[in-house]
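Below you'll find the structure, written out as structure tokens, and then a few comments.
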Amino acid sequence: MVLPLLMAVQVPVGAQTPGSDPGAAVPPASGAVPAPGEPPAAVPAATPAPAAVPVPGQPPAAVDPGAAVPAPGAVPAGEAALPAIKPQLTASTVSPGQNVVLSYRLEGVGALESYPREIEVDGLGIRFAGVSTQQMFSNGTLKRFVEMRYVIEAENEGTFTIPAQSFTVDGKQMVSEPATITVKEGAEPLADGMSPQVQLSVGKTEIWKGEIAPVTVTVLMHPAVQIASQLFPTIASEGFAVARFDRVPSLDLQDVGNETWRVYRAQSVMTAMKPGKLVLGPADVKADVLMPMAGGFRDPFGGMPSSRRSLKLKSNSIEITVKDLPPGKPEGFGGAVGSFRVMGRADGPGAGPWTVQLGDPVAFELAVTGTGNFDTVGAPVLEDAAGFRTYPAKVAQENRDWGLEPGQKVFSQLVFPEKAGTMKAVYALSFFNPATGKYETVKTEPLELVVTGQPEAAVPAAGPGGDGAKDFSTAGVAMPDEDLQDILPQLLPAGGFLPVGGTMVAAPGGWWHALPAGLAALIFGGGLVRRNRAEREAKRPQPGAPRELSVILGELRAESGNAGVFYRLVSEYVNAWTRRKGREVPEDAELAAVLGRRDVRLYAGAAADEPLPADERATALRVLGARLAP
């Protein structure tokens with residue numbers, strides 16, 4: 001069935017119909033004509049005016065200029081107004097003979113009951129191309145779109161207006177906005193209005209030296225432009241350290257004029273390295289895109305032919321004021337900027353106090369937690385080192401991200417108590433807090449040690465005929481340089497074995513002389529049996545151990561239907577690969593894209609039980625085989 005065309009008709013206010021008397025009185029809306037000399041009959045305000053039906057052979061009744069005329073597509077009183085539909089054009093300026101696509105997109109609707117199959121505009125050829133349904137995730141929410149497409153062929157030069165169109169959805173009428181297209185010779189249909197746009201933004205434009213601040217690079221993509229590569233922005237700016245944009249950009253939708261653009265946001269952080277007024281940016285983004293071309297359409301849905309282009313996009317720049325840290329730095333301040341806490345414990349059991357032997361080493365574990373620039377965080381300092389011999393602290397563990405979220409950095413320091421009795425160790429960390437603009441110092445709770453034992457007696461000084469030992473307790477005798485190797489076992493140097501003297505003699509015969517050799521053989525053989533048994537046990541699959549990579553990969557290649565099953569096997573394969581290889585997943589754009597699609601399918605509420613597209617499955621298998629080979 002062909003629906004009637006929607007024609008926009010504009011009637012000037014007060015216009016007279018042909019054959020009517022301009023001087024005649026305007027009859028009331030009810031259509032009743034009063035007798036000459038008599039006043040018009042009063043019409044009740046609450047009574048709606050019925051449509052006047054002209055009598056054959058008589059001119060139609062004049063239109064009352066004061067009567068309210070409902071606008072096309074108006075919603076009856078008492079019903080909630082539905083939002084207007086915004087038309088989208090792949091190009092708003094074209095040359096004669098070129099084609100563009102007009103689309104009407106409805107978001108979050110139910111049943112589409114009627115829509116225009118034909119649209120007539122003088123000077124344009126418009127033909128219906130089809131209806132498509134699409135589902136897209138935006139910020140974790142599943143959105144459903146219904147889109148009607150029409151192919152427009154520009155025939156003559158001029159500016160043309162496509163009138164508002166009417167659609168029926170779930171029994172209610174929705175009306176679109178008009179659309180305008182300009183046709184002129186030499187027009188380039190892919191003007192700047194369709195090129196991707198890049199915007200650089202920061203969390204704050206006034207920061208302290210060493211402070212962490214968020215950075216966002218936003219790429220706006222025209223709905224007719226398809227992205228064909230990953231987006232990895234780079235920012236090279238003097239005076240700033242910018243972390244890599246190694247996370248998969250988020251995807252959202254945004255209305256730009258009368259069109260709905262796709263918005264990609266890439267997140268990172270920056271740190272100012274020097275004070276002053278500095279300029280951040282511009283951000284450079286390399287992107288491969290499919291740009292629509294003028295010409296005929298190629299598919300039943302009106303899709304335009306496209307060309308692949310490699311674009312180098314640049315964003316704006318931002319001036320940032322970087323403030324130097326104020327004077328009055330506390331003792332022990334090492335340049336840490338952020339908000340932190342510090343906790344400590346000894347390597348012994350329990351929560352303390354810990355009992356140690358005089359002269360034995362004690363390892364203190366110091367955990368720094370909080371938010372901020374962890375790269376500037378050094379080891380907490382022992383507040384009072386009297387009675388302790390210390391060695392430099394080492395980083396034992398780091399569990400942190402960019403510094404915007406809470407993280408942790410753990411240090412380990414080896415100390416030797418030098419006196420018996422109860423000793424307390426307190427560690428302190430000083431930092432600059434950009435939120436308060438002040439220096440702060442945090443400390444651990446006292447770490448109590450109970451040191452037992454007595455100090456060793458001093459070695460007597462060398463006398464006549466003595467062994468030459470020195471008495472280091474005597475004033476003026478320097479202690480030798482300390483070396484951690486002093487507490488480790490020392491091996492003899494090569495060729496340092498001492499010769500053993502003696503004379504070989506023949507031993508008398510007897511079975512008991514073979515007894516030691518037999519016992520040695522028995523012991524040695526038992527050791528071999530135990531070792532073989534241990535090797536067999538080691539080869540057995542342990543509880544909780546990952547499956548063989550080849551087995552999981554075989555199941556991946558066999559799975560071709562269910563997306564959820566496929567990507568759960570992908571997760572198992574990646575976890576097994578990291579555990580068996582003993583290293584993290586390598587940084588790779590294609591691998592990040594595969595894992596991003598896995599996260600959307602399994603964790604973002606997507607329909608995991610949908611059929612798996614063949615091209616998506618082939619890409620995932622190729623990337624896993626190349627980047628995470630068994």
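Data for the structure
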item: The one condition in (1) touching a Phe, Trp or Tyr at 6+ places or on another chain (Cβ under 8 Å); (2) over 20 Å from Ala593 (Cβ atoms) that Gly203 fails to fulfil; result: (1)
item: Residue within region 165-183 that is basic (Lys, Arg), under 30 Å from Asp122 (Cβ atoms) and more than 29 Å from the chain's Cα centre (by Cα) present; result: no
item: Val109, sole failed condition from (1) of a type in the set (Val, Ile, Thr); (2) modelled with pLDDT of 80 or more; (3) outside any strand (DSSP E or B); result: (2)
item: Residue among Ile119, Ile126 that alone is assigned to a loop (DSSP other than H, G, I, E, B), farther than 21 Å from Val225 by Cα and among the hydrophobic types (A, V, I, L, M, F, W, C); result: Ile119
item: Hey, Trp512 surrounded by 10 or more Cβ atoms within 10 Å (Cβ to Cβ) and either at pLDDT 80 or above or out of contact with any Phe, Trp or Tyr (no Cβ under 7 Å at 6 or more places or on another chain) (or both) or not; result: no
item: Residues of region 385-406 satisfying the condition of being closer than 24 Å to Ala241 by Cα and open to solvent by 10 Å² or more (accessible area, probe 1.4 Å); result: Val395, Gln397, Glu398, Asn399, Arg400, Asp401, Trp402, Leu404, Glu405, Pro406
item: Exclusive hit being open to solvent by 50 Å² or more (accessible area, probe 1.4 Å) and touching a residue at least 40 places away in the same chain (Cβ under 8 Å), set Phe240, Phe167, Phe232; result: Phe232
item: All positions within region 385-408 that are outside any strand (DSSP E or B) and touching a strand residue (DSSP E or B) at 6+ places or on another chain (Cβ under 8 Å); result: Gly387, Tyr391, Pro392, Ala393, Arg400, Asp401, Trp402, Gly403, Leu404, Glu405, Pro406
item: Selected residue [more than 23 Å from Lys86 (Cα to Cα) and touching a Leu at 6+ places or on another chain (Cβ under 8 Å)] from Gly210, Gly203; result: Gly210
item: Subset tally (residues that are open to solvent by less than 20 Å² (accessible area, probe 1.4 Å) and not in a strand (DSSP E or B)) for region 349-384; result: 3
item: Per-region count, region 103-134, residues over 26 Å from Ala154 (Cα atoms) and in contact (Cβ under 8 Å) with a residue 24 or more places away in the chain; result: 8
item: Residue count for region 202-224, restricted to those that are open to solvent by less than 40 Å² (accessible area, probe 1.4 Å) and in contact with a Ser or Thr (Cβ under 8 Å, 6 or more places away or on another chain); result: 13
item: Output for region 409-443, where each listed residue is in a loop (DSSP other than H, G, I, E, B) and either closer than 14 Å to Trp354 by Cβ or among the small types (Gly, Ala, Ser) (or both); result: Ala420, Ala435, Gly437
item: Residue that is farthest from Ala272 (Cα to Cα) [pool: residues in region 332-348 that are of a type outside the set (A, V, I, L, M, F, W, C) and open to solvent by 50 Å² or more (accessible area, probe 1.4 Å)]; result: Asp347
item: Region 304-348, subset assigned to a loop (DSSP other than H, G, I, E, B), of a type in the set (A, V, I, L, M, F, W, C) and modelled with pLDDT of 90 or more, residue farthest from Ile212 (Cα to Cα); result: Phe333
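Here's the yes/no breakdown for (1) modelled with pLDDT under 80; (2) surrounded by 13 or more Cβ atoms within 10 Å (Cβ to Cβ); (3) more than 30 Å from the chain's Cα centre (by Cα):
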| residue | (1), (2), (3) |
| --- | --- |
| Glu259 | yes, yes, no |
| Val263 | no, yes, no |
| Gln267 | no, yes, no |
| Ala272 | no, yes, no |
| Leu278 | no, yes, no |
| Asp284 | no, yes, no |
| Met291 | yes, yes, no |
| Gly302 | yes, yes, yes |
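Yes/no per residue for (1) at pLDDT 65 or above; (2) β-branched (Val, Ile, Thr):
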| residue | (1), (2) |
| --- | --- |
| Arg536 | no, no |
| Pro541 | no, no |
| Asn562 | yes, no |
| Val574 | yes, yes |
| Pro586 | yes, no |
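The values are calculated or read from the model by the stated rules, or taken from the named source; none is laboratory data. Keep in mind that what you see is a predicted model, and the values were worked out from it rather than measured. In this analysis, Cβ positions are derived from the backbone assuming ideal geometry, glycine residues included, and neighbour counts consider all displayed protein chains. For the accessible areas, the whole protein counts, side chains as well, though only heavy atoms, and no ligand, DNA or RNA atoms are used. Shrake-Rupley method; radii C 1.70, N 1.55, O 1.52, S 1.80 Å.
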